[in-house]
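First the structure, in the form of structure tokens, and then the observations on it.
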Amino acid sequence: MRRVKNFIALWRFCLLLILLLLNFNFLISFNLFLSLGEDLPRISFKETVKSFPKVKEGTILRHDFFFSNIGNAPLIIKRITTSCGCTAALASEDKIMPGKEGKISVQFNTRGYFGQVTKQIYVESNDPVEPHKVLEIQAEIEVPPSPKIELNVYNYEAGLILAGEDVPVNIKVSNKGELDLRFELTHRQATFFLENKKISGPVKLAPGKSQEIIIRLPTENRSGMLREYVLIKSNDPLRSTLSLYISGYIITLDQLKDLFQKYRHLIEKKDF
């Protein structure tokens, strides 16, 4: 009997929900019907997508999206935004009278991009039917032959470090490009070594080759958290500056002794 009552209650709830949804849709449709007799603005674009042929990386692409107000009330362009800072967009006018045309000028800087790329432009207006319109710029960006730098690690955790000892960091730099790579490492205190020889200038790396670099970071007169960045500058046109993050914790010899005494009983219990 209880199952029957529960089923009836659930059925009534579902029926009520359906009626509410139907009434909501009816109200929307009714409001749109009433608005047909009013003076309303309407935005209409001649095109919403612009596809460019293959272009070279670094080319600045420009295009005008033309639109018209096919309504019978002034069209107001409230706001224009883009999907990234590499793309800029500007409307010719903020207010377009009925039957008149306007345009949105778009500029896309392809520097740093390669392959198939799509950027969006978002247009907000007082059109009651389509208040938000999305425009697109599409392009296939070609990168000419160039060096391409790759690191085997970008974050290095050194762990516990004894104060006064250098932190040795081994990294591998690779050239995945088609031309010679030249790179230089910089840090205010660190020294850099290539095949046990101190590096004093840029390093040259042929296409397809890799090279191990040793970074030695001093910790004299330091304690606590270690957070350092080593900058790697190169002639890679897409990644001219990389950063290697080195982290760890520096303790003094006295702190290490205190830790040993504190946990000595645990260490002695371990069966090595």
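What follows draws every value from the coordinates through simple rules; no lab data is involved. These numbers were taken from a predicted model, which means no experiment stands behind them. Counting neighbours? That spans all protein chains shown, and the Cβs are built from the backbone with ideal geometry, glycine included.
Return the equivalent ellipsoid semi-axes of segment 35-191 as a descending list in whole Å, where each equals the square root of 5 times an eigenvalue of the C-alpha gyration tensor. Working shown, then result.
Numbers: eigenvalues 513, 82, 25 Å².
Equivalent-ellipsoid dimensions as semi-axes: 51, 20, 11 Å.
Taking the Cβ of Phe183 as the center, what net charge do the other residues with Cβ under 15 Å away carry, scoring Lys and Arg +1 and Asp and Glu -1?
+3
Give the residue list of GluC sites (Glu not before Pro) in segment 202-272 that are DSSP loop and have at most 13 other beta-carbon atoms within 10 angstrom.
Here the sparse-neighbourhood loop sites are Glu220.
What GluC sites (Glu not before Pro) in segment 126-192 are in a loop by DSSP, with at most 15 other Cβ atoms within 10 Å of the Cβ?
Values: sites: Glu136, Glu140, Glu142, Glu150, Glu157, Glu165, Glu178, Glu184; in loops: Glu165, Glu178.
Answer in residue order: Glu165, Glu178.
With a cut-off of 8 Å between alpha carbons and a minimum separation of six or more residues, what is the relative contact order of segment 149-259 in percent? All intermediate terms of the calculation are to be shown ahead of the outcome.
Values: 246 pairs, mean separation 40.0, N = 111.
Reported as a whole number, the value is 36 percent.
Do any trypsin sites (Lys or Arg not before Pro) in segment 198-272 lie in a loop, going by DSSP, with at most 10 other beta-carbon atoms within 10 Å of their beta carbon, and if so which?
Sites meeting the loop and neighbour criteria: Lys270.
Using just the Cα positions, wrap segment 116-266 in a convex hull and report its mean projected area in square nanometres, one decimal place.
16.7 nm²
Alpha carbon centre of segment 158-212 versus segment 48-124: separation in Å?
That distance is 44 Å.
For Lys176, go through the lysines and keep the ones whose alpha-carbon is under 28 Å away, minus same-chain ones fewer than eight residues off.
In chain and number order, the partners are Lys54, Lys56, Lys119, Lys148, Lys197, Lys198, Lys204, Lys209, Lys233.
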